Amino acid sequence: MNGSRIRSGEQGMWRYGSSLPLERPEEKVSFGEGWTPLVREEWNGLNLFLKLDFVCPTGSYKDRGMAYLVSRLRELGVREVIEDSSGNAGASMAAYCARAGIACRVFVPDYTSEGKCVQVSSYGALLERIPGTREDTARAAEKAAETVFYAGHNWSPWFAHGIKTFAFELWEQLGFTAPEAVLLPAGQGSLVLGCALAFDELHASGEIDTPPRIFALQPRNCAPLEDAFRKGRSSPERVEKRETIAEGISSAEPVRGREVLKAVKKTGGDILSFSDREIWDGCVELARRGYFVEPTSAIVAAAAERLSREGGVGRKGPVAAVLTGSGLKGSSKILSLFSSPPED
Ligand SMILES: Cc1ncc(COP(=O)(O)O)c(C=O)c1O
């Protein structure tokens, strides 16, 4: 990507369409996702920029990846798909499949927020709620996919390439410069992989001198990437996960963990973990500032809090963070957290 390849006449993330090749562009499946606001916040002296991806058409950043993934599936002539998800990706897949005329079956863990489940069914997809862990859900989907096309977004290169557009936008909205650091929630790590792809492309084309440091953020109750990073391992090991309010990033076995660890290390970044109490405090602080996001997304506020206290980040340039998912999908869970907040 470089400035001259931006298609300024295109809507949303498709202004970077030159970096999202389609063999038959007329098959593109889009709701005009992307080009989300970037808002400056002063956070205990930290020059923080919040990227409001929760305003995407289905209420999460997943729409970027899904727009490109489902476009490629329609090009291939796929008529029916299976997806597994912690909720947001399933809702997004269901919406894009509805637009594409592709039949869709979505597997989610049974702890998934009601709002996301209602969304999946409303879009006309078949919802399968699976008892147990996120990994049990993935296994159930893979089994069902013995006879139907498995479109699991965590495995798809197209999904990561769609996600990278948030980072192109950051670069453009910051006046064609890279931030010093980017704070990203990480379960399977799609934001980390997308961010690395985008800034590598910008670096390779000479648009930026130094890619930003990537900070991948995990709930302490389920932090296989953080655990591997601390121990200097090249791939994560399965962890025993405990319940967490950050449901979107509670992945005990990230399928592309090795690549995620490599990407963070290459940028001189870090992987940090946070207690549910820290994540909840971040959620409340964001809401007080006017951002109603789901607890998963609020982990970036917990990170801003810690990094602003410790110093060491944000001295050379701004720090950017992505607000990934809308609080409206989990409002009943959020209400119950106000009356009984997590303990430390
Ligand atoms: C709101 C939200 N933020 C962040 C993520 C992180 O995505 P990943 O699992 O690709 O790291 C998810 C994943 O479902 C999510 O729902």
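Computed over neighbours whose Cβ is under 14 Å from that of GLU172, the net charge equals +1, Lys and Arg +1, Asp and Glu -1. D by Stokes-Einstein for segment 187-316, Kirkwood Rh over Cα pairs, 10 °C, 1.306 mPa s: 104 µm²/s. In segment 62-156, the C-alpha radius of gyration followed by the widest Cα-Cα span (Dmax) gives 11.8, 35 angstrom.
What is the magnitude of the charge dipole of segment 62-156 about its Cα centre, with +1 placed on the Cβ of each Lys and Arg, -1 on the Cβ of each Asp and Glu, and no other charges, expressed in debye to the nearest 20?
Dipole size: approximately 300 debye.
Dipole magnitude for the chain: about 380 debye, using +1 per Lys or Arg Cβ and -1 per Asp or Glu Cβ, origin at the Cα centre. Lysine pair count for the chain (Cα-Cα distance under 20 Å; residues 8 or more apart in sequence or on different chains): 21.
A Gaussian network model of the chain, with springs between Cα atoms under 10 Å, assigns the largest mean-square fluctuation among LYS329, LYS62, LYS316 to LYS316. When the chain is treated as a Gaussian network with alpha carbon springs shorter than 10 Å, the biggest mean-square fluctuation among ASN154, ASN44, ASN221 belongs to ASN44.
Per-residue ellipticity at 222 nm, computed for the chain from helices alone with -39500 (n - 2.57) per DSSP H run of at least four residues, works out to -11500 deg cm²/dmol. For the chain, just list the percent of Cα-Cα distances falling in each 10 Å bin from zero outward, please. With 10 Å bins starting at 0, P(r) equals 6, 27, 37, 24, 6, 0. Largest GNM mean-square fluctuation among GLU240, GLU80, GLU305, using the chain with Cα springs under 10 Å: GLU240. For the chain, the share of accessible area belonging to carbon and sulfur comes to 49 percent (1.4 Å probe, ligands and nucleic acids excluded). Each of HIS153, HIS203, HIS161 has its accessible area taken with a 1.4 Å probe; listed largest first, they run HIS203, HIS161, HIS153. Reducing segment 77-96 and segment 211-272 to their Cα centroids gives an inter-centroid distance of 24 Å. Which residues among segment 147-184 fall inside the zone where the amide N is under 13 Å from a point 7 Å beyond the Cα of ARG5, along Cα→Cβ? Under 13 Å, as judged by backbone N against the label point of ARG5, lie 165, 168 of segment 147-184.
Taking 4.7 Å between beta carbons as the limit, the unpaired Cys residues of the chain are CYS56, CYS117, CYS195, CYS222, CYS283.
The values are calculated or read from the model by the stated rules, or taken from the named source; none is laboratory data. For clarity, every value in this text was computed on a predicted model and none was experimentally measured. Glycine also receives a Cβ, built like all others from the backbone with ideal geometry; neighbour counts cover every protein chain displayed. Heads up: the accessible areas ignore ligands, DNA and RNA and are worked out on the full protein's heavy atoms, side chains in. Shrake-Rupley method; radii C 1.70, N 1.55, O 1.52, S 1.80 Å.
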